[in-house]
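Student: I have a structure here, written as structure tokens, and I will follow up with some questions on it.
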Amino acid sequence: MLKGKTALVTGSTSGIGLAVARALAADGANIMLNGFGEAAAIEKERAGLEKEFGIKARYSPADMSKPAEIAAMIHATEKEFGTLDVLVNNAGIQHVANIEDFPVEKWDAVIAINLSSAFHTIRAAVPGMKARKWGRIVNIASAHGLVASAQKVAYVSAKHGLVGMTKVVALETANSGITCNAICPGWVLTALVQAQIDARAKASGKTVREEEIALLSEKQPMHQFTRPENIGALAVFLASDAAASITGSAYSIDGGWVAQ
Ligand code: NAD
């Protein structure tokens, strides 16, 4: 479906971003990877995408907290592939503390990477999408884009902001062949979350499954994780022609978290 199109996924060297990049590549898109990590591991993923899916993949090391690097990444993508058709804003970080203890530099970093980076990528990518009369923008927000949790002031503010940005961009591009939507995951089983569960099980002497249920049931009625591949499949759907009239939406994929 996406053969001949180009997708850029920010923060795609691990977790959800990598799964989204893989799903878009499986659908035929050329891929621009981005994110931090070991050079050898990133090169292995890049070359692996090309081999497994017969597409072209490149990597940008741009730091999503640096507007000039973001602009250069968008230009490099359009230069390398000729187009940028699918933009997935996924890079994100977290910091947990009460507001009175929240370090100012952590606030600035979370807002820069989780919110402002999407402003910078979208504003640079939209002119090309408008000129080609086709584009798909998918913002990876969170259940925390719709509801709050204590001690996550920067993350919740950024993700609510990202859902708002999604709506504004949808309105501004409504008749340009472009759609802009947000995906709002609940708990997703990434390496980082698995490590937290393993540590809880080790400390408590309970089983991994018991600790999984304990972690999930604090927020989710469904005691099951969303898998990164599930987010990838939803992103592919939102990039498809079947989703051509879906814009400005925030799709929950959260085991019922925000239904409560
Ligand atoms: P992760 O830590 O596995 O991946 C984050 C990615 O962002 C990595 O590739 C990392 O290198 C990259 N990154 C971080 N800072 C960057 C920067 N300054 N510049 C460029 N890249 C940077 O995390 P994940 O769980 O896969 O999260 C991905 C997105 O999904 C985030 O926006 C997160 O908020 C969101 N999300 C995750 C969950 C979950 O349960 N894991 C739930 C809801 C939303």
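Every number here is computed from the coordinates shown, using simple stated rules; none is lab data. For clarity, every value in this text was computed on a predicted model and none was experimentally measured. Don't worry about glycine lacking a Cβ; one is built from the backbone with ideal geometry, like all the others, and counts go over all protein chains shown.
Student: Within segment 213-236, which residues are among the hydrophobic types (A, V, I, L, M, F, W, C) and crowded, with 18+ Cβ neighbours inside 10 Å?
Tutor: Matches in segment 213-236: L216, F225, I231, L234, A235, V236.
Student: Could you please find all residues in segment 120-143 being in a helix (DSSP H, G or I) and more than 22 Å from F81 (Cα to Cα)?
Tutor: A143
Student: What helices (runs of 4 or more DSSP H) lie completely within segment 1-99 and have 1 or more residues being out of contact with any helix residue (DSSP H, G or I) (no Cβ under 8 Å at 6 or more places or on another chain) and more than 13 Å from the ligand (Cβ to nearest atom)?
Tutor: Per the criteria, 39-53, 67-81.
Student: Can you list the helices (runs of 4 or more DSSP H) found entirely within segment 144-260 that contain at least 1 residues being of a type in the set (A, V, I, L, M, F, W, C) and under 15 Å from the mean Cα position of the chain (by Cα)?
Tutor: Working: elements: 153-172, 191-204, 208-217, 228-239.
In segment 144-260, 153-172, 228-239 are the helices (runs of 4 or more DSSP H) which contain 1 or more residues that are of a type in the set (A, V, I, L, M, F, W, C) and under 15 Å from the mean Cα position of the chain (by Cα).
Student: Condition first: basic (K, R) and more than 14 Å from the ligand (Cβ to nearest atom). Now tell me which residues in segment 108-154 satisfy that.
Tutor: Once the filter is applied, which keeps residues that are basic (K, R) and more than 14 Å from the ligand (Cβ to nearest atom), segment 108-154 yields R123, K130, R132, K133, R136.
Student: When you check G164 against the structure, is it farther than 30 Å from R132 by Cβ and out of contact with any Phe, Trp or Tyr (no Cβ under 8 Å at 6 or more places or on another chain), yes or no?
Tutor: When the stated conditions are applied, G164 does not pass them.
Student: Of all residues in segment 155-187, which are basic (K, R) and either within 12 Å of the ligand (Cβ to nearest atom) or crowded, with 21+ Cβ neighbours inside 10 Å (or both)?
Tutor: Passing the criteria: only K159.
Student: Any residue that is within 22 Å of M165 (Cβ to Cβ), surrounded by fewer than 21 Cβ atoms within 10 Å (Cβ to Cβ) and of a type in the set (G, A, S) - is there at least one of those in segment 56-65?
Tutor: There is at least one residue in segment 56-65 that is within 22 Å of M165 (Cβ to Cβ), surrounded by fewer than 21 Cβ atoms within 10 Å (Cβ to Cβ) and of a type in the set (G, A, S).
Student: How many residues does segment 119-154 contain that are surrounded by fewer than 18 Cβ atoms within 10 Å (Cβ to Cβ) and among the polar types (S, T, N, Q)?
Tutor: Within segment 119-154, residues that are surrounded by fewer than 18 Cβ atoms within 10 Å (Cβ to Cβ) and among the polar types (S, T, N, Q) number 2.
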